[in-house]
Amino acid sequence: MIYLDNNASTKLDPEVAAAFEEAAALAGNPSSVHGEGRRARRVIEEARDEVARLVGSAPEEMFFTSGGTESNAMAILGSVAGRTGRVVFSGAEHPSVREAVERLARQGNETVAVNPETSGALDSGKVIAAAEPGTLLVTLMAANNEYGGLFPIREVACAVRAGGALFHTDAAQAAGRIPIDVEEWGVDLLSLSAHKFHGPKGVGALYVRRGVALQAHTPGGGQEKKLRAGTENTAGIVGLGAAALLARRRLGEAASIARLRDRLEAGILQRVEKARVVGRGGPRLPNTSALLFEDLSGEALLIRLDLEGVAVSVGSACSSGTLAPSPAILSLGIPPAEAKSVVRFSLSRLTTGEEIDRVLEIVTRVVGEARLTAHGSRLA
């Protein structure tokens with residue numbers, strides 16, 4: 001299988017797997033005071049240090065969660081809890097952010113969505129203008145999961161925080177792929193997820209700037225400074241820490257991944273008629289390409305590619321199974337019928353040039369076959 005669905009989840013790094021397995025053998029509860037419990041606590045705190053280094057935070061500002069979705073919910077719902085005001089977000093956000101914002105709207109908050117430009121870029125001025133006085137929270141993803149667009153986090157965060165709003169960024173797709181520095185960016189809250197950068201599934205983290213108050217997500221114990229009660233997932237947290245260490249060391253590989261991504265796009269645009277890259281006009285992640293194949297169903301192409309041994313995706317993995325076009329793609333001004341023709345190819349540092357060459361051959365053939373089939377159906 002040629003795996004090009006790394007924005008949904010990445011393959012577990014062997015070094016991470018080894019660290020995970022070693023931690024899984026620890027029997028102690030990290031809250032216990034005996035030796036085995038202290039060993040579990042020590043490896044958790046070592047992992048916290050590594051995750052903090054990945055994003056430039058202090059270790060005490062990093063809290064462990066079950067993943068990006070929970071981190072987003074903790075940040076958005078926890079920071080606005082008990083207050084009513086304006087919440088600003090982008091029209092391209094991940095479902096976990098959109099649904100948290102929708103919950104706030106049902107609780108009486110005013111919510112304002114700012115869509116990206118057709119180029120894929122997000123106009124920082126429009127977001128700042130939307131965050132008028134009285135705004136409680138602005139939440140923007142650092143990198144879009146479907147077309148890879150990079151949003152102007154630093155420019156927006158500095159401006160809206162000066163106006164009194166809190167700023168949260170969903171960095172699940174950015175962490176491990178581009179450099180992150182929470183101090184330079186000026187954010188109050190940042191979410192990440194281990195399985196997006198070759199760590200285990202089911203574990204993530206939330207950065208909370210010192211002094212920012214959040215309502216407790218899970219009451220019932222003193223874990224994670226009483227923000228998220230419950231016995232810690234020791235093995236998962238250790239895996240996250242190992243993945244963070246490797247990601248920090250390998251950030252320099254982004255350029256080679258981008259070259260493979262560009263090679264894929266250039267080959268498809270050269271060989272396949274009526275194909276175009278979505279969001280190509282703005283800054284993008286180095287690994288992500290959303291390609292629109294006119295007059296074809298993205299779902300149908302996904303199935304054909306899967307049968308050929310190529311794993312890709314359409315839309316967000318968290319929205320799989322829905323027949324509706326992607327809200328993130330629609331936010332770029334792409335008509336619904338065309339939005340359903342978008343297929344996402346997302347690479348990783350494990351992707352090879354040989355795989356890209358093979359995918360170019362397969363995509364060219366499969367798209368041609370699909371168009372012949374569609375043309376025959378229309379004639380019939």
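The values are calculated or read from the model by the stated rules, or taken from the named source; none is laboratory data. Just so you know, these numbers come straight off a predicted model, no measurement behind them. Note: ideal-geometry Cβ built from the backbone for every residue, glycine included; neighbour counts use all protein chains shown.
Things worth noting here:
- Where a residue in the range 18-33 is under 10 Å from T234 (Cα atoms) and its partner, wherever it lies, is assigned to a loop (DSSP other than H, G, I, E, B) and acidic (D, E), with Cβ under 7 Å and at least six apart: P30/E232
- Scanning the range 112-160 for residues being free of Cβ contacts under 8 Å to residues at least 60 places away in the same chain and among the hydroxyl-bearing types (S, T, Y) gives a total of 2.
- Filter result for G315 (surrounded by 16 or more Cβ atoms within 10 Å (Cβ to Cβ) and within 18 Å of H94 (Cα to Cα)): yes
- Residues satisfying the stated conditions in the range 246-279, i.e. touching a Leu at 6+ places or on another chain (Cβ under 8 Å), within 20 Å of R358 (Cα to Cα) and not charged (D, E, K, R): I257, L260, L264, G267, I268, A275, V277
- Residues that are closer than 19 Å to H195 by Cβ and among the charged types (D, E, K, R) within the range 61-92 comprise just one, E70.
- Residue within the range 47-55 that is more than 26 Å from E184 (Cβ to Cβ) and either part of a strand (DSSP E or B) or assigned by TED's automatic domain parsing to the domain that holds F197 (or both) present: no
- Among the candidates F63, F89, F20, residue that is modelled with pLDDT of 95 or more, among the aromatic types (F, W, Y) and assigned to a helix (DSSP H, G or I): F20
- Among the residues of the range 279-301, those that are crowded, with 19+ Cβ neighbours inside 10 Å and either in a helix (DSSP H, G or I) or among the hydrophobic types (A, V, I, L, M, F, W, C) (or both) comprise L285, A290, L291, L292, F293, L296, G298, L301.
- Failed condition for K126, given (1) surrounded by fewer than 23 Cβ atoms within 10 Å (Cβ to Cβ); (2) in contact with a Gly (Cβ under 6 Å, 6 or more places away or on another chain): (2)
- The residues in the range 128-155 that are out of contact with any Leu (no Cβ under 7 Å at 6 or more places or on another chain), farther than 19 Å from G56 by Cα and not in a strand (DSSP E or B) can be counted, and the count is 11.
- Once the range 192-238 is narrowed to residues that are more than 24 Å from T169 (Cβ to Cβ) and β-branched (V, I, T), the residue that is farthest from the chain's Cα centre (by Cα) is T231.
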